[in-house]
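Enquirer: Quick one: the structure is below, and I'll ask about it shortly.
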Amino acid sequence: RQSFALLAVVAAWIAAGFVVAARWPAAGSVMVACFYPLSLLLGAPGPGGTGLIAVLVATAWAGYAAPRRQSLGAVALCIATFVVTDGVHQGLSWDTVFFPAIFIPAWWTGTLVQREQARSRQVLALASELDAQREAAAHSAVLEERSRIAREVHDAVAHSVSVMTLQIGGLRRQLEDALRRRPAKPAVMLCLGRLGRQAVAGLLCHGGPTR
């Protein structure tokens, strides 16, 4: 029963370390690693597979969520905590190499996941930017084509009105003798010619549609 109570205290410490890691990943990972000296001080068995897995998860989270310099310092402290505690408890052994061999790959895995996610976000941002540029280019091409068609229609209308005005003037001169006998007719022909010239002048003055 006493051993179970001690293990419960150590488990609560590990859980509290993960709570801290949710806000401060580097500090939380070091706190989780400190369960080993705590368990020895309390006389609880340790470190145990569950405790080691907890530290591996915490160091991987620090590598993922914390800035690189902070996470690197955190994994170094975790390794130092285990190496020093184990050395004080039972002297230096192969565990001195074992702890770095498992903590560093866990931290490196977290940094790799962080790097890949950052690259994925960059790729998505670049793809969105390229889509926006493609849409802008397509819209610009449509506007350019509309402007070209409008200029062609404008030029065609101006040419047609010019030809019509010239033909009205020529017809008026050809029918000048006949129109003298009908005074109202020349006025109509003159008005048509004047309207045609005004329309042509207006078209030329505006110079065609703009974009």
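The values are calculated or read from the model by the stated rules, or taken from the named source; none is laboratory data. All of these numbers come straight from a predicted model, not from anything done at the bench. Because the Cβ atoms are built from the backbone with ideal geometry, glycine has one as well, and the counts that use them run over all protein chains shown. Side chains are part of the model used for accessible areas, which takes the heavy atoms of the whole protein and leaves out ligands, DNA and RNA. Shrake-Rupley method; radii C 1.70, N 1.55, O 1.52, S 1.80 Å.
Enquirer: How would the stretch 99-156 be classified by its alpha-carbon gyration tensor: rounded, prolate or oblate, with rounded meaning a/c under 1.5 and the a/b versus b/c comparison settling the rest?
Expert: Details: a/c = 15.16, a/b = 13.16, b/c = 1.15.
Because a/c hits 1.5 or more and a/b exceeds b/c, the stretch 99-156 counts as prolate.
Enquirer: Can you bin the stretch 9-111 into rounded, prolate or oblate? Criterion: square roots of the alpha carbon gyration tensor eigenvalues sorted a ≥ b ≥ c, rounded for a/c under 1.5, prolate for a/b above b/c, oblate for the rest. Don't skip to the end; give the middle numbers.
Expert: Working: a/c = 2.08, a/b = 1.29, b/c = 1.61.
It comes out oblate by the Cα gyration axes.
Enquirer: Okay, moving on. How far is the Cα center of the stretch 112-126 from the Cα center of the stretch 50-102, in Å?
Expert: The two parts, judged by their Cα centres, are 27 Å apart.
Enquirer: Sticking with this structure for a sec: Filter the chymotrypsin sites (Phe, Trp or Tyr not before Pro) in the stretch 62-157 down to the DSSP loop ones having no more than 15 other Cβ atoms within 10 Å, then list what survives.
Expert: Working: sites: Y64, F82, W94, F98, F103, W107, W108; in loops: W94.
In loop regions of the stretch 62-157 (DSSP not H, G, I, E or B), the sparsely surrounded chymotrypsin sites (Phe, Trp or Tyr not before Pro) are W94.
Enquirer: So, one more: Round to the nearest 10 and report in Å² the accessible area of E129, as given by a 1.4 Å probe over the protein chains' heavy atoms.
Expert: Accessible area, nearest 10 Å²: 100 Å².
Enquirer: I'd like the accessible area for M31, computed on protein heavy atoms only with a 1.4 Å probe and all protein chains in place. Round to 10 Å², please.
Expert: Its heavy atoms expose roughly 40 Å² to the probe.
Enquirer: While we're here: Within the stretch 1-99, report the trypsin sites (Lys or Arg not before Pro) that DSSP leaves as loop and that have at most 14 other Cβ atoms within 10 Å. Can you show the working numbers first?
Expert: On the way: sites: R1, R23, R68, R69; in loops: R1.
Of the trypsin sites (Lys or Arg not before Pro), the ones in loops of the stretch 1-99 whose Cβ has at most 14 other Cβ atoms within 10 Å are R1.
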